[in-house]
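Below is one structure, written out as structure tokens; the observations come after it.
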Amino acid sequence: MPLLEIKGVSFQVGAAKILDDLCLSVEEAEVHALLGTNGTGKSTLAYLIAGCEGYRPTAGSILFDGRAIHTSKIHERAQLGITMAWQEPVRFEGISVAQYLTLKNRALDPAPYLEMAGLQPARYLTRMVDRSLSGGERKRIELASILALRPRLAIFDEPDSGIDMLSLRDIINVINACKENGSAVLLITHREEIALIADRASQICRGGIVCSGSPEKVAAYYKSRQCLTCDTEGCADGRP
Amino acid sequence: MDALEQLMQAFGNTGGDRAVLADSSTAHLVADGHTILSSRAIEGVEVEAQETPSGISATVRVRQGVRLTNPVHLCFGVLHKKGTQNISMDVRLEKNASVSFIAHCIFPDAEQVIHTMDAVIAIEDGAEMHYSETHFHGLHGGVEAIPKAVVSVGKNGGYLGEFTLVTGRVGRLAIDYDVEAQENAVVELTARVFGHGNDTIQIKEKVVLAGENARGLIKTRVAVEDEASAEITGITEGNAAGARGHVDCMEIVKDNGVASAIPIVRVTNSLAKVTHEAAIGSVDKRQMETLMLHGLTPEEAVDVIVKGILR
Ligand SMILES: Nc1ncnc2c1ncn2[C@@H]1O[C@H](COP(=O)(O)OP(=O)(O)O)[C@@H](O)[C@H]1O
Ligand SMILES: [Mg+2]
């Protein structure tokens, strides 16, 4: 049984069908890359899995450990071990980096997690998670905090966006560390080279999965841009 | 136990450091109601306080060029359940002086206490003052506190004022601060208040940027829950070339709380600039969701966010 199973999920806002009969599964302790260009519905899918307010499937179901979770609230799903790092991490006034990494477990030593994300603990622990951090710093802190949580499923929404090429190594280290901790990872990205670190990959196009399999196969298909040229016939026609 | 000991105990309970009163290198003034319990002047700092028919009248002078490393401690309280405390303060920092004040206003058992403070603060050219005032009004909501201050900041001077009332009840609070800044002066006013029950909070802070390149920031962080209400008025005037002002108000409303913010910005010189931002309402949804994704319950998440902004 997969850890996460998305069965025929659609999500419609007014007349706009953002996700359409989408199917995807993520296995226990698997890194699964979800590849797709801008506006294909990646973040929407992440919000539906995490259970953000206003995001409930208009059709289909989401199972976690075999249990339907798609009507549960976000904190109920978090208690089951589902967490997510937003594409644009949120800022907080008056919360230090140290506090942020130990919100749930106050006894935890946050330093090793910052180091893993490429940040020197001595320089960051007393900083605030507010507007004084750069986008890249804030993003790394978010990744460190997710790693520290040891979730069963971590959804990373474009963890590589806003991160320079030289620092990609740190992002990849965090994802690998999550996997070593036994977490499953849904790795959302629009860069095929990031998808290559995954165990499996799927490509999303216009709200549906158009290709799944080994990262190499999916990345090659993604790179060929076949799906993008399939215009009105619908992406499914372009399946390899 | 005498009044000083009782007040010091309350002072310690609200985070004050009792040892400072015994320290001969630290100036202080301690009063219970209209009784002065203790005061100390030090080299370069005159502290004079008298009991008058209507209350307490105190004068603090910091001599020219004196730059104190130890803060001056002020502790005002009413230990009884009922009482009145009227304080008038006259503070002058002579040229290039620099001093920090740490003030505690403590009314631990107040059921019907009125506390008024009328301060006139003159900061001469090049002088800098940091004034941090923390209030504790007990748990009954029986305090009416009316702090007023008129502050003038000379050329190249600085005034940093902080007001904090985040533990226990507020009762009724009406702050009225008025600051005028001359050339190159820097003014920062910060207030943090948490209202509960039927507390009412009124904060009016005004900064007039009168001199060229004067800078001002009014920052207000308020949370109201239960039936509490808050009305925050932040006024900044830019009246000289290069003056820069900003009004930043954030209020979180829970339960049946009511909050309003009135930013007033006025510019009379085309080379001055004043901006404002206000965020009033329930806790930010994205922040809530982020904390819940980190394993907190909705209640814990609200608590962390509110504590954060009041910190
Ligand atoms: N609440 C919404 N209402 C209407 N359209 C939306 C809403 N949320 C997302 N969309 C649209 O759905 C599409 C997919 O968005 P998103 O999931 O953010 O894409 P991605 O993360 O892949 O870039 C976009 O065209 C976006 O404009
Ligand atoms: Mg997105």
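FYI, it's all coordinate maths here, none of it is from the lab. Just so it is clear, the model here is predicted, and its values are computed rather than measured. Counting neighbours? That spans all protein chains shown, and the Cβs are built from the backbone with ideal geometry, glycine included.
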In nm, the gap between the two label points placed 7 Å beyond Cα toward Cβ at A:Lys73 and B:Val258 is 2.8
Only four residue types carry charge here, +1 at the Cβ of Lys and Arg and -1 at the Cβ of Asp and Glu. Report the dipole size of region B:1-169 about the Cα centre in Debye, rounded to the nearest 20. 220
Selection from A:His32, A:Leu45, A:Ile69, by position along the positive dipole direction of region A:29-76 (Cβ): A:Leu45
Additional length obtainable on full extension of the chain from B:Lys95 to B:Ser25, 0.36 nm per residue less Cα span: 23.0 nm
Size of charge dipole - the protein assembly as shown - debye, nearest 20, with Cβ of Lys, Arg +1 and Asp, Glu -1, no other charges: 1040
Per the helix-only calculation at 222 nm, which mean residue ellipticity applies to chain B, given -39500 (n - 2.57) for every DSSP H run of n ≥ 4 and division by its residues, nearest 500 deg cm²/dmol? -3000 deg cm²/dmol
Would you kindly work out the equivalent ellipsoid of region A:1-150 from its C-alpha gyration tensor and give its semi-axes, the square roots of five times the eigenvalues, largest first in whole Å? 31, 17, 14
Once phi is turned into ³J(HN,Hα) by the Karplus curve 6.51 cos²θ - 1.76 cosθ + 1.60 with θ = phi - 60°, what whole-Hz value does each residue of region A:185-191 show in order, with x for glycine and proline? 10, 9, 9, 8, 7, 10, 10
Hey, what did chain B get for relative contact order, percent, Cα under 8 Å, at least 6 apart? 9
With r as the distance between the Cβ atoms of B:His80 and B:Thr52 and R0 = 22 Å, compute the FRET efficiency 1/(1 + (r/R0)^6) and round to 0.05. 0.65
Residues whose modelled amide H sits under 5 Å from the amide H of B:Thr84, counting only those 5 or more places away in sequence or on another chain, are B:Ile114
Spread of Cα-to-Cα distances over 5 Å intervals beginning at zero, given as percent, for region B:1-169: 2, 9, 18, 22, 21, 15, 8, 4, 1, 0
I'd like the antiparallel share, as a percent to the nearest 5, of DSSP beta bridges with both residues in chain A. 55
Normalised contact order of region A:52-160, rounded percent, pairs of Cα under 8 Å and 6 or more residues apart: 34
Among B:Val150, A:Pro151, B:Gly44, which residue has its Cα positioned farthest towards the positive end of the charge dipole of the protein assembly as shown, with +1 placed on the Cβ of Lys and Arg, -1 on the Cβ of Asp and Glu, and the dipole taken about the Cα centre? A:Pro151
In a GNM of chain A with a 10 Å cut-off on Cα contacts, which of A:Gly207, A:Gly14, A:Gly36 has the highest mean-square fluctuation? A:Gly14
Between B:Ala3 and A:Asp65, what is the label-to-label distance in nm when each label sits 7 Å out along the Cα-to-Cβ direction? 6.3
Once you treat every alpha carbon in region A:88-160 as an equal point and sum by Debye, what is log10 I(q)/I(0) at q = 0.15, 0.22, 0.23 Å⁻¹? -0.43, -0.97, -1.07
Each residue of region A:145-154 in order: what ³J(HN,Hα) in whole Hz does its phi give by Karplus 6.51 cos²θ - 1.76 cosθ + 1.60, θ = phi - 60°, with x for Gly and Pro? 5, 5, 4, 5, 6, 6, x, 7, 9, 10
Report the FRET efficiency, 1/(1 + (r/R0)^6), for B:Arg266 and A:Lys217, where r is their Cβ-Cβ distance and R0 is 51 Å, rounded to 0.05. 0.20
Correct semi-axes for region A:174-222, from √(5λ) of the alpha-carbon gyration tensor and rounded to whole Å with the largest first, are 20, 11, 9
Crossing angle, helix A:168-180 versus chain A [Cα axis fit, 0-90 degrees, rounded to tens]: 90
Using Cα-Cα distances under 8 Å and only pairs 6 or more residues apart, what relative contact order does region B:1-169 have, in percent? 18
Could you give the spread of the C-alpha atoms of region A:33-118 along their three principal axes, from largest to smallest, in whole angstroms? 42, 30, 26
Would you kindly derive the ³J(HN,Hα) couplings of region B:187-201 from the backbone phi angles with the Karplus curve 6.51 cos²θ - 1.76 cosθ + 1.60 (θ = phi - 60°), listing them in order in whole Hz, with x for Gly and Pro? 10, 9, 10, 10, 10, 10, 9, 10, x, 9, x, 9, 4, 10, 10
Could you tell me how many cubic angstrom of Cα convex hull volume the protein assembly as shown has per residue? 180
So for the pair B:Thr275, B:Asp303, with labels modelled 7 Å out along Cα→Cβ, what separation do we get in nm? 3.6
